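The values are calculated or read from the model by the stated rules, or taken from the named source; none is laboratory data. Since the structure is predicted, the reported quantities are computational estimates derived from the model, not experimental observations. Cβ: placed from backbone, ideal geometry, glycine included. Neighbour counts: every protein chain shown. These area figures cover heavy atoms from the full protein model, side chains too; ligands, DNA and RNA do not enter into them. Shrake-Rupley method; radii C 1.70, N 1.55, O 1.52, S 1.80 Å.
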Amino acid sequence: GNSVTQMEGPVTLSEEAFLTINCTYTATGYPSLFWYVQYPGEGLQLLLKATKADDKGSNKGFEATYRKETTSFHLEKGSVQVSDSAVYFCALMVYGQNFVFGPGTRLSVLP
Amino acid sequence: SAVISQKPSRDICQRGTSLTIQCQVDSQVTMMFWYRQQPGQSLTLIATANQGSEATYESGFVIDKFPISRPNLTFSTLTVSNMSPEDSSIYLCSAEPPSYNEQFFGPGTRLTVL
């Protein structure tokens, strides 16, 4: 079956630090890959996505590249802000099948 | 895209009662989904609610406990029946609009069962 693995949190960084949250997946077929973010007390928002190998998704300074050879979709940001504190979920979807979410990684950014 | 609203945003309920959560989408969508997010956990799909057909439940979820309605292309409800403290979770509705290869989520309903 399809699955998503994320690095365990919580991740605590100082403001302006570099962020990497690892995500790897297994899937039958050709998945689309997503990063969703959940700010405290809110629902999920799509942060970025990539639909095929070597695509790079980017939004709000965050980036992730779809690496088929390593089945990875790591999330990166060059300089985090306090406002980036949230839970980040990596997810995949194969056409015609359900979304599969990773366990989530909680990020805390300290001023 | 799709904008999704949910009501109520939160509720505190007594054991043994039932709560119906409403989900409204600002556009017509075929596929809607209900998820549960237990404290500190990821999302677990409860069921897929497609208009014009019975909801499809995932393993571990049954219609008697989580009845779902899907009366039209913009609206769905999820009822949490005969609640127990173990049902305390965030319940999220999502929709996948036509031609969109992604899901849009509502803000969630935070349920606490005493």
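With the structure loaded, tell me whether B:Gln22 is part of a strand (DSSP E or B) and open to solvent by 40 Å² or more (accessible area, probe 1.4 Å) or whether it fails that test.
On the way: part of a strand (DSSP E or B): yes; open to solvent by 40 Å² or more (accessible area, probe 1.4 Å): yes.
Yes.
Any residue at all in the range B:58-71 that is open to solvent by 70 Å² or more (accessible area, probe 1.4 Å), at pLDDT below 90, among the small types (Gly, Ala, Ser) and not in a strand (DSSP E or B)? Steps first, please.
Taking the range B:58-71 and keeping what is open to solvent by 70 Å² or more (accessible area, probe 1.4 Å), we get B:59-60, B:62-64, B:71.
Checking the rest, the ones that are also at pLDDT below 90 come to none.
Checking the range B:58-71: not a single residue is open to solvent by 70 Å² or more (accessible area, probe 1.4 Å), at pLDDT below 90, among the small types (Gly, Ala, Ser) and not in a strand (DSSP E or B).
Considering only the range A:35-42, I want to know if a residue exists there that is touching a residue at least 24 places away in the same chain (Cβ under 8 Å) and part of a loop (DSSP other than H, G, I, E, B).
The first filter runs over the range A:35-42 and keeps only residues touching a residue at least 24 places away in the same chain (Cβ under 8 Å), leaving A:35-40.
Checking the rest, the ones that are also part of a loop (DSSP other than H, G, I, E, B) come to A:39-40.
Yes, there is a match, as at least one residue in the range A:35-42 is touching a residue at least 24 places away in the same chain (Cβ under 8 Å) and part of a loop (DSSP other than H, G, I, E, B).
Could you please find all residues in the range B:78-114 being open to solvent by 20 Å² or more (accessible area, probe 1.4 Å) and either within 14 Å of another protein chain (Cβ to nearest Cβ) or within 11 Å of B:Cys23 (Cα to Cα) (or both)?
Residues satisfying the conditions are B:Ile90, B:Glu96, B:Pro98, B:Ser99, B:Tyr100, B:Asn101, B:Phe104, B:Phe105, B:Pro107, B:Arg110, B:Thr112.
For the range A:70-82, check the following and say yes or no: at least one residue is crowded, with 16+ Cβ neighbours inside 10 Å, charged (D, E, K, R) and at pLDDT 95 or above.
The initial filter retains those residues of the range A:70-82 that are crowded, with 16+ Cβ neighbours inside 10 Å, namely A:71-75, A:77, A:80.
This time we only want the ones that are charged (D, E, K, R), so: A:77.
If we keep only those that are at pLDDT 95 or above too, we end up with A:77.
For the range A:70-82, residues crowded, with 16+ Cβ neighbours inside 10 Å, charged (D, E, K, R) and at pLDDT 95 or above: present.
Right, B:Gln6: part of a strand (DSSP E or B) and farther than 18 Å from B:Glu86 by Cα or not?
Details: part of a strand (DSSP E or B): yes; farther than 18 Å from B:Glu86 by Cα: yes.
Here the answer is yes, as B:Gln6 does meet what is asked.
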